[in-house]
1. Under a straight-distance cross-link criterion of Cα-Cα below 29 Å, which lysines are reachable from Lys150, leaving out those fewer than 8 residues away in the same chain?
2. Take the Cα atoms of region 183-246, build their convex hull, and give its volume per residue in Å³.
3. Among Phe20, Phe238, Phe76, determine the one that fluctuates most according to a GNM of the chain built with springs between C-alpha atoms less than 10 Å apart.
4. Determine, for Val196, Val38, the number of other Cβ atoms within 10 Å of each Cβ, and report the residues in order from fewest to most.
5. Placing unit charges on C-beta atoms (Lys and Arg positive, Asp and Glu negative, everything else neutral), compute the dipole magnitude of the chain about its Cα centre in debye, rounded to 20.
6. Compute the relative contact order of the chain as a whole-number percentage, counting only Cα pairs closer than 8 Å that sit 6 or more residues apart in sequence.
7. What is the fewest-to-most order of Glu88, Glu115 by other Cβ atoms lying within 10 Å of their Cβ?
8. Around Glu153, under 14 Å between beta carbons, what's the net of Lys plus Arg minus Asp minus Glu among the other residues?
Amino acid sequence: MDTNSQQAISAWPELGKEPFQFCCHSGVSCFLSCCRQVELRLFPYDVLRLKERLGLPSAEFLQEYTRLEQGPHPFFPAVMLNMRADGEHLCPFLMKSGCSVYQDRPSACRTYPLERAIEKTAAGSLQSHWFLTQHSYCKGHFEGHSCTVKQWEREQRLTEFNLFNDLWAEVDALFATNPWQGEGQAGPLQQLAFMVCYNIDAFRDYVQQHNLLATFHLDRDRRRRIETDDSELLKFGFDWLLHVLANRRTLISR
């Protein structure tokens, strides 16, 4: 289950196919209120999109804009976005005109006012659950615009983010089992896993240095995509971690 949605499950109503009412725009009195004093967790694909938007190496983005905190389980840290160190604690990407990284904004911002949780069914597939948040400061609920979850997913371009977050949820669920027992906090395997998930530039160097792609049966098209596209490399990294840490057949060794 998406650990970012535990509060939603207990506190907010689950949505079905019925429409909900919400619209956010510059004319709403609370505009940008949700962009301050926020505890915003970043998922691996969030970091990838933001660092590419800003034109920064992964390591530089992580150092400048994020911090590590205790995650939902004790065996892997959460990457949190740093708010500005001022009295308002504004998002670092917030400008007077609005969000400066809007097209590449993180999953949580993109999904709001919804929260999404996923669970694995008995058949092994993933099922989404959607919840409507009800923050007292938010006036967007009174704007008279109706939308279904499917329409919201399409309007906010959530499909690709949800795909990567589902893949991440599988990896994070493995981390919650403490697959590196005995090595201690921030041991070599944990650092390797963190690099794969959050420092895509370092992982690309690692893949090249160890000729990692050559050790698995990959069709020519997938190998080409991995070599040229960071998002495809991230998918490969998730598969590799499941293969190495859990001995799952996500990859086939030569």
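1. Lys17, Lys51, Lys120, Lys139, Lys235
2. Numbers: hull volume 5.4 nm³, N = 64.
It is 84 Å³ per residue.
3. Looking only at Phe20, Phe238, Phe76, the biggest GNM fluctuation is shown by Phe20.
4. Working: Val196 23, Val38 15.
Ranked by crowding around the Cβ, least crowded first: Val38, Val196.
5. On the way: 27 positive and 31 negative charges, 79 e Å.
Using only the charged Cβ atoms, the result is roughly 380 debye.
6. Normalised by residue count, the contact order of the chain is 26 percent.
7. Values: Glu88 11, Glu115 23.
Sorted ascending by nearby Cβ count, the order is Glu88, Glu115.
8. Values: positive: Lys17, Arg110, Arg116, Lys150, Arg154, Arg157; negative: Glu115, Glu155, Glu160, Asp166.
Here the count lands on +2.
Coordinate-derived values only; no laboratory data. Since the structure is predicted, the reported quantities are computational estimates derived from the model, not experimental observations. We place every Cβ from the backbone using ideal geometry, glycine too, and count neighbours over all the protein chains shown.
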